[in-house]
Amino acid sequence: MRLVQLLPLLVSGVLGLAGSAAARQEIDVPKLTELAADRPIVMDVMTSGLTAHDADQVVARLGIKVGQPIPQQISRAQKQLWDDFRILVAQGGYLFEEVEGGVRVRLRFIESPVDLDPRFVGNNKFDVARLREWGQLDDRVEVYVDEAEKIAERIRTAYRRQGYYFIEVEPRIGGDGGVRYREIIFEIREGPKVYVKDVEVVGDDSIPDAGFLFWKQSVEKSAALGTKGRGLFAWWGHRLVEEVVEADVVAISQVYRDNGYLDAVVGYDLEFTEDRSGVRVKFNVDAGELYRVSRVNLRAVSKEMVEVTPGGRREAEYQDVELSIDESELRSLLSLESGGAYEAVRVALDAQSLRDRYGEEGHIDSGSFDDPTQTSGWTFLAPELVYNVDNKTVEVTYLIQEGRKFFLRYLEVEGNETTKDHVIRRRFAQLEGERVDSKELRDGLRRVRATGYFDDQYAQGAHPPPALLFRPVEGEPDLVDAVVQVKEGRTINANLSGGVASDQGLVGIISLQVNNFDAKKLPSSALGTFGEVYRKEAFTGNDETFGVDLSPGSEVSYWRVFYQHPDFLQRYFDPLGLLFEIQARDRIYRSHDETRRFFRAALTRAFGQGDFQASVGFRTQSIRTQDLATGVELPRTLVNSEGTEDYVGLTASVSANMLDNRRLPRSGWSGRWNNTIYTQSLGSDVNLWKSEVSLDKYFHLSGDLLSAAPGIYLGFGGGLAVPFDEQEGSVNYGERFFYGGSRFGRGFRFRGVGPYEGAYPLGGETFLRATGEYRVPLYTQPVPGSSRRRELFRGSLFVDAGVLDPEAYQVNFDEARVSAGFALGMIEPFPVTFSFGWPIKSEAEDETQTFAFTLTLR
């Protein structure tokens with residue numbers, strides 16, 4: 001028996017639920033009107049039709065009690081009875097009979113037919129336990145007949161999500177168990193699992209493709225299509241899920257509309273293979289004509305909640321007010337212009353520019369409050385668009401809810417279990433009592449994130465980044481507290497690792513790096529030191545840095561001890577820091593062996609909450625050059641350097657760090673200029689000035705800095721090694737500059753770029769380099785609890801250029817070397833990079849090397 005054949009059995013009961021008023025009109029009892037008006041007392045209750053349920057419990061659920069008046073909300077109670085027990089009051093089955101002292105209630109019920117053990121047949125790919133899970137049966141045994149079709153639909157949907165596009169699930173009703181019991185069998189015809197072989201967007205070329213391979217930009221990539229065909233790791237294709245295809249239709253439509261094609265219409269066709277196991281998905285696009293902006297208007301509005309029904313629903317109503325900032329100034333910030341295409345990305349840029357400008361005046365974005373009902377914040381409302389379909393133009397009106405200007409009462413920190421408050425506070429220039437500057441506070445948040453103290457690369461999904469929100473002060477409408485919310489991250493890295501690099505050979509690494517170190521926070525006992533350090537109960541929380549490294553290797557061996565205190569006098573907003581480093585390094589080159597011993601101490605001074613820093617210090621090192629190669633001609637700069645030279649001098653440097661994250665930067669820039677003067681007056685063997693400068697710039701091609709996205713990296717650097725009171729070419733071989741290798745000059749062998757003298761390069765006293773990279777995530781994973789994705793694999797296209805000159809202050813750009821290529825790298829869980837480079841401009845004496853790599857295992 002099919003489910004539809006049972007409907008006559010239930011229809012009278014349904015009428016009793018949905019039309020209870022009509023049922024009551026048929027009650028054949030004298031003086032019913034008077035009884036209902038007076039709400040007579042129930043003297044007795046009689047029931048019929050119940051076989052599987054307790055009558056007293058069912059009557060109680062209706063709210064009918066002997067000795068109590070007849071309940072008023074009987075219709076609502078009947079619905080609850082159906083939801084809980086699948087029991088209906090039959091049509092005409094709710095009757096009253098007048099008796100002495102009140103009424104007798106007669107109730108006639110209909111129980112929904114049920115199967116105590118439903119069965120599934122035809123399922124080959126998935127077991128019954130999975131089907132019950134899909135049907136949301138959980139631990140239930142019985143299935144009511146009226147539920148069968150809903151359960152079947154849930155199972156169909158789950159099959160389709162697994163790629164079974166042709167799935168059929170039909171509930172069949174049978175059995176001879178009387179009115180109450182039936183047999184439900186879910187007949188399943190799975191059909192083939194369908195794989196998408198190809199995906200194509202056709203019908204319009206208004207948004208042309210650009211680039212190639214991994215760097216190809218297309219509508220498919222812009223829409224981030226979930227429907228995917230064959231791939232490197234899915235040769236048979238990805239499964240067809242119609243829900244995903246329909247979501248992709250919406251996404252493609254949005255891409256076209258975001259680019260000004262506001263009439264765009266997108267549909268799709270499915271072209272199946274003969275055996276129905278494969279499909280080609282074609283998205284058909286009719287973009288229509290491009291809409292251009294006829295005018296951009298700016299309107300300030302205020303929000304009021306207006307009661308639209310007496311004592312009932314309230315709605316927001318906006319009233320025009322005057323702009324508090326000169327309109328011409330605001331217009332100068334806009335990128336959307338009259339005559340240009342209406343592009344969503346320009347609207348988003350304008351919203352951010354306006355938000356920043358208002359933020360300087362004390363306005364706080366409404367989304368930054370911890371209370372989502374806060375109405376006094378700044379809001380960029382959805383723009384008003386007035387279309388002219390004939391001319392294909394759109395008039396755009398930006399609606400700005402300016403809100404109130406706020407002043408900062410307190411800057412509070414939450415979640416810092418071990419990090420001291422001042423470590424976070426001093427990264428904010430905003431002072432308590434000042435008018436809120438939202439942009440400056442966001443810069444402070446960037447600095448907090450850039451420390452890396454609140455990151456955990458091994459638990460990113462469960463580790464939220466530092467956040468900033470505002471909390472209104474009760475009773476003070478013009479005051480807010482800014483709250484920095486953090487969660488302590490991984491600041492202690494103890495590694496026993498190994499690695500290999502084309503420039504350095506095999507290496508082993510034993511290291512302890514403690515960021516956010518606190519030298520004064522001692523463990524409670526010697527035996528518990530390691531446990532307390534691991535639990536961050538000792539030696540952590542004061543922004544200091546301590547590190548110990550030991551690295552034996554086949555070509556490079558070194559050890560190092562490093563300590564830095566950013567504010568050893570506790571001046572907070574005027575910090576004076578201290579730095580110590582001692583290091584020893586042994587290196588085997590093809591031409592010689594080098595041993596270097598190094599020590600430095602410096603005073604540092606931070607400016608701009610740590611964005612800028614200057615330092616002066618003392619430095620000493622010893623360079624020993626030995627075991628020169630035999631049987632070949634050696635450059636004079638190397639021969640003259642044989643033996644040991646001691647260097648003693650003074651250092652001075654300035655640096656800037658405006659990066660979003662020091663470990664994995666995506667946006668911002670950093671720069672450094674280091675100078676060292678070695679002089680015989682301090683005990684040095686030579687007089688030498690060495691100066692090095694670097695500048696790195698990162699562009700993140702997405703509005704969300706915390707999510708993986710393509711990016712651009714530009715790097716520049718240069719150096720001078722200038723001997724004074726010495727003859728030309730007297731700079732020690734170990735202090736000269738070289739070019740080529742896996743870091744700078746990919747496509748050339750490590751130190752493989754001339755000019756040469758004999759079998760090896762002379763090295764330069766002047767050096768310039770530049771690098772440009774376009775980076776794109778190749779494989780990402782979703783960050784649980786958010787829409788963001790984290791990058792695991794990366795690809796890049798690069799161009800490297802550099803020039804060396806054996807003399808100081810001399811640069812001959814005709815001698816520049818240029819190379820280009822691509823790189824593939826894994827970011828997590830351990831870094832590995834493979835670079836493939838080819839020289840574009842080189843000299844015959846240069847040594848080239850196409851492949852270079854680095855790998856570190858932890």
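The values are calculated or read from the model by the stated rules, or taken from the named source; none is laboratory data. All values reported here derive from a predicted model rather than from experimental measurement. Here Cβ is always computed from backbone atoms with ideal geometry, including for glycine, and neighbour counts include all displayed protein chains. Accessible surface is based on the protein model in full, side chains and every heavy atom, while ligands, DNA and RNA are left aside. Shrake-Rupley method; radii C 1.70, N 1.55, O 1.52, S 1.80 Å.
Does any residue of region 781-792 turn out to be crowded, with 18+ Cβ neighbours inside 10 Å, assigned to a loop (DSSP other than H, G, I, E, B) and more than 30 Å from the chain's Cα centre (by Cα)?
For region 781-792, residues crowded, with 18+ Cβ neighbours inside 10 Å, assigned to a loop (DSSP other than H, G, I, E, B) and more than 30 Å from the chain's Cα centre (by Cα): absent.
Any idea which residue in region 489-509 is most open to solvent (accessible area, probe 1.4 Å), counting only those that are closer than 29 Å to PRO465 by Cα and in a strand (DSSP E or B)?
Once the filter is applied, the top-ranked residue is LEU496.
Working carefully through the options ARG746, ARG736, ARG751, find the one that is out of contact with any helix residue (DSSP H, G or I) (no Cβ under 6 Å at 6 or more places or on another chain), open to solvent by 30 Å² or more (accessible area, probe 1.4 Å) and of a type outside the set (Ser, Thr, Tyr). Let's see the steps before the verdict.
Values: ARG746 fails: open to solvent by 30 Å² or more (accessible area, probe 1.4 Å); ARG736 fails: open to solvent by 30 Å² or more (accessible area, probe 1.4 Å).
Exactly one of ARG746, ARG736, ARG751 is out of contact with any helix residue (DSSP H, G or I) (no Cβ under 6 Å at 6 or more places or on another chain), open to solvent by 30 Å² or more (accessible area, probe 1.4 Å) and of a type outside the set (Ser, Thr, Tyr), namely ARG751.
Mind listing whichever residues of region 606-642 are surrounded by 16 or more Cβ atoms within 10 Å (Cβ to Cβ), out of contact with any helix residue (DSSP H, G or I) (no Cβ under 8 Å at 6 or more places or on another chain) and under 17 Å from ASN674 (Cα atoms)?
Within region 606-642, ALA606, GLN613, SER615, GLY617, ARG619, THR620, GLN621 meet the criteria.
Do the conditions hold for SER835, that is, is it modelled with pLDDT of 95 or more, assigned to a strand (DSSP E or B), more than 30 Å from ASP725 (Cβ to Cβ) and not acidic (Asp, Glu)?
On the way: modelled with pLDDT of 95 or more: no; assigned to a strand (DSSP E or B): yes; more than 30 Å from ASP725 (Cβ to Cβ): yes; not acidic (Asp, Glu): yes.
For SER835, the condition - modelled with pLDDT of 95 or more, assigned to a strand (DSSP E or B), more than 30 Å from ASP725 (Cβ to Cβ) and not acidic (Asp, Glu) - is not met.
Can you tell me which residue in region 80-104 is surrounded by the most Cβ atoms within 10 Å (Cβ to Cβ), limited to those that are in contact (Cβ under 8 Å) with a residue 60 or more places away in the chain and not in a strand (DSSP E or B)? Spell out how you get there, then give the answer.
The initial filter retains those residues of region 80-104 that are in contact (Cβ under 8 Å) with a residue 60 or more places away in the chain, namely 82, 86, 88-98, 101-104.
Next, only the ones that are not in a strand (DSSP E or B) stay: 82, 86, 101.
On the way: TRP82: 17, ARG86: 20, GLY101: 10.
Only one residue tops the list, namely ARG86.
Looking at region 134-143 only, could you name the residues that are at pLDDT below 85 and either among the acidic types (Asp, Glu) or within 37 Å of the chain's Cα centre (by Cα) (or both)?
Correct list: ASP138, ASP139, GLU142.
Is it true that LEU385 is aliphatic (A, V, I, L, M), closer than 25 Å to LEU664 by Cβ and either at pLDDT 90 or above or open to solvent by 20 Å² or more (accessible area, probe 1.4 Å) (or both)? Please lay out each step first, then the result.
On the way: aliphatic (A, V, I, L, M): yes; closer than 25 Å to LEU664 by Cβ: no; either at pLDDT 90 or above or open to solvent by 20 Å² or more (accessible area, probe 1.4 Å) (or both): yes.
No, not satisfied.
Could you list all residues from region 838-858 that are among the hydrophobic types (A, V, I, L, M, F, W, C), touching a strand residue (DSSP E or B) at 6+ places or on another chain (Cβ under 8 Å) and modelled with pLDDT of 90 or more? Can you show your working first?
Initially, region 838-858 is screened for residues among the hydrophobic types (A, V, I, L, M, F, W, C), giving 838, 840, 844, 851-853, 855, 857.
From the residues that got through so far, the ones that are touching a strand residue (DSSP E or B) at 6+ places or on another chain (Cβ under 8 Å) too are 838, 840, 851-853, 855, 857.
Result: TRP838, ILE840, PHE851.
I need the full set of residues from region 22-48 which are outside any helix (DSSP H, G or I), open to solvent by 40 Å² or more (accessible area, probe 1.4 Å) and either modelled with pLDDT under 50 or closer than 22 Å to TYR181 by Cα (or both), in order please. Don't jump to the end; show me each part of the working.
To start, the set of residues in region 22-48 that are outside any helix (DSSP H, G or I) comprises 26-31, 39-48.
Adding the requirement that they be open to solvent by 40 Å² or more (accessible area, probe 1.4 Å) leaves 26, 28, 30-31, 39, 41, 43-44, 46-48.
If the condition is that a residue be outside any helix (DSSP H, G or I), open to solvent by 40 Å² or more (accessible area, probe 1.4 Å) and either modelled with pLDDT under 50 or closer than 22 Å to TYR181 by Cα (or both), then GLU26, ASP28, PRO30, LYS31, THR47, SER48 are the ones that fit.
Spot the failing condition for PRO372; the list is (1) part of a strand (DSSP E or B); (2) open to solvent by 70 Å² or more (accessible area, probe 1.4 Å); (3) not polar (S, T, N, Q), and only one is missed.
Exception for PRO372: condition (1).
Which one of these does VAL293 not meet: (1) in contact with a Leu (Cβ under 7 Å, 6 or more places away or on another chain); (2) outside any strand (DSSP E or B)?
(2)
Looking only at strands (runs of 3 or more DSSP E) that lie completely in region 538-598, which have at least 1 residues being closer than 22 Å to VAL448 by Cβ and either open to solvent by 60 Å² or more (accessible area, probe 1.4 Å) or in contact with a Phe, Trp or Tyr (Cβ under 7 Å, 6 or more places away or on another chain) (or both)? Explain how you work it out, then say what you get.
On the way: elements: 544-551, 556-565, 576-588.
The qualifying strands (runs of 3 or more DSSP E) are 544-551, 576-588.
Return the pair list, or none, for Cβ contacts closer than 9 Å from residues in region 645-661 that are of a type in the set (Lys, Arg) to residues that are crowded, with 19+ Cβ neighbours inside 10 Å, at least 6 apart or on different chains.
If the second residue must be crowded, with 19+ Cβ neighbours inside 10 Å, no pairs are left.
Quick test for you: out of ILE167, ILE173, pick the one residue that is surrounded by 16 or more Cβ atoms within 10 Å (Cβ to Cβ), within 42 Å of the chain's Cα centre (by Cα) and not acidic (Asp, Glu).
ILE167
Can you name every residue in region 161-180 that is over 30 Å from THR51 (Cα atoms), of a type in the set (A, V, I, L, M, F, W, C) and in contact with a strand residue (DSSP E or B) (Cβ under 6 Å, 6 or more places away or on another chain)?
As a first pass, look at region 161-180 and keep what is over 30 Å from THR51 (Cα atoms): 161-169.
Filter again for of a type in the set (A, V, I, L, M, F, W, C), leaving 166-167, 169.
The answer is VAL169, and nothing else.
Considering only region 447-458, I want to know if a residue exists there that is without any contact (Cβ under 8 Å) to a residue 60 or more places away in the chain and assigned to a loop (DSSP other than H, G, I, E, B).
At the first step, the residues of region 447-458 found to be without any contact (Cβ under 8 Å) to a residue 60 or more places away in the chain are 448, 454, 456.
This time we only want the ones that are assigned to a loop (DSSP other than H, G, I, E, B), so: 454, 456.
Yes, region 447-458 has at least one match.
Quick grid of which residues meet (1) of a type in the set (Ser, Thr, Tyr); (2) open to solvent by less than 30 Å² (accessible area, probe 1.4 Å); (3) touching a strand residue (DSSP E or B) at 6+ places or on another chain (Cβ under 6 Å):
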| site | (1), (2), (3) |
| --- | --- |
| ARG106 | no, no, yes |
| LEU137 | no, yes, no |
| VAL145 | no, yes, yes |
| TYR159 | yes, yes, no |
| ARG182 | no, no, yes |
| ILE188 | no, yes, yes |
| GLY191 | no, no, no |
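Can you name the number of the only condition in (1) open to solvent by 10 Å² or more (accessible area, probe 1.4 Å); (2) in contact with a helix residue (DSSP H, G or I) (Cβ under 8 Å, 6 or more places away or on another chain); (3) part of a helix (DSSP H, G or I) that PHE120 fails?
Condition not satisfied by PHE120: (3).
Could you figure out which of (1) of a type in the set (A, V, I, L, M); (2) surrounded by 19 or more Cβ atoms within 10 Å (Cβ to Cβ); (3) within 30 Å of SER707 (Cβ to Cβ) isn't true of ALA656?
(2)
Being of a type in the set (Lys, Arg), touching a helix residue (DSSP H, G or I) at 6+ places or on another chain (Cβ under 9 Å) and part of a helix (DSSP H, G or I) is the filter here; which residues of region 51-79 pass it? Explain how you work it out, then say what you get.
From region 51-79, those of a type in the set (Lys, Arg) are 61, 65, 76, 79; that's our starting set.
Still in the running and touching a helix residue (DSSP H, G or I) at 6+ places or on another chain (Cβ under 9 Å): 61, 65, 79.
Those that are of a type in the set (Lys, Arg), touching a helix residue (DSSP H, G or I) at 6+ places or on another chain (Cβ under 9 Å) and part of a helix (DSSP H, G or I): ARG61, LYS79.
Would you mind telling me which numbered condition in (1) part of a loop (DSSP other than H, G, I, E, B); (2) open to solvent by 40 Å² or more (accessible area, probe 1.4 Å) ILE677 fails?
It is condition (1) that ILE677 fails.
Taking THR620 as the residue in question, decide whether it is modelled with pLDDT of 95 or more and either farther than 30 Å from GLU440 by Cα or assigned to a loop (DSSP other than H, G, I, E, B) (or both).
On the way: modelled with pLDDT of 95 or more: yes; either farther than 30 Å from GLU440 by Cα or assigned to a loop (DSSP other than H, G, I, E, B) (or both): yes.
Taking the combined requirement at face value, the residue satisfies it.
List every residue pair whose Cβ atoms lie under 8 Å apart, where the two residues are 6 or more positions apart in sequence or sit on different chains, the first residue falls within region 189-203 and is aromatic (Phe, Trp, Tyr), and the second residue, located anywhere, is exposed (fewer than 15 other Cβ atoms within 10 Å of the Cβ).
TYR195/TRP236
So TYR398 passes all but one of these: (1) under 30 Å from VAL321 (Cβ atoms); (2) open to solvent by 40 Å² or more (accessible area, probe 1.4 Å); (3) in contact with a helix residue (DSSP H, G or I) (Cβ under 9 Å, 6 or more places away or on another chain). Which condition number does it fail?
TYR398 satisfies all of (1) under 30 Å from VAL321 (Cβ atoms); (2) open to solvent by 40 Å² or more (accessible area, probe 1.4 Å); (3) in contact with a helix residue (DSSP H, G or I) (Cβ under 9 Å, 6 or more places away or on another chain) except (2).
Given the criteria closer than 30 Å to LEU408 by Cα and without any contact (Cβ under 8 Å) to a residue 24 or more places away in the chain, does ALA351 qualify?
Values: closer than 30 Å to LEU408 by Cα: yes; without any contact (Cβ under 8 Å) to a residue 24 or more places away in the chain: no.
Judged against the criteria, ALA351 is not a match.
Look at LEU468 and say whether it is in a strand (DSSP E or B), surrounded by 15 or more Cβ atoms within 10 Å (Cβ to Cβ) and under 17 Å from the mean Cα position of the chain (by Cα).
Numbers: in a strand (DSSP E or B): yes; surrounded by 15 or more Cβ atoms within 10 Å (Cβ to Cβ): yes; under 17 Å from the mean Cα position of the chain (by Cα): yes.
The answer is yes for LEU468.
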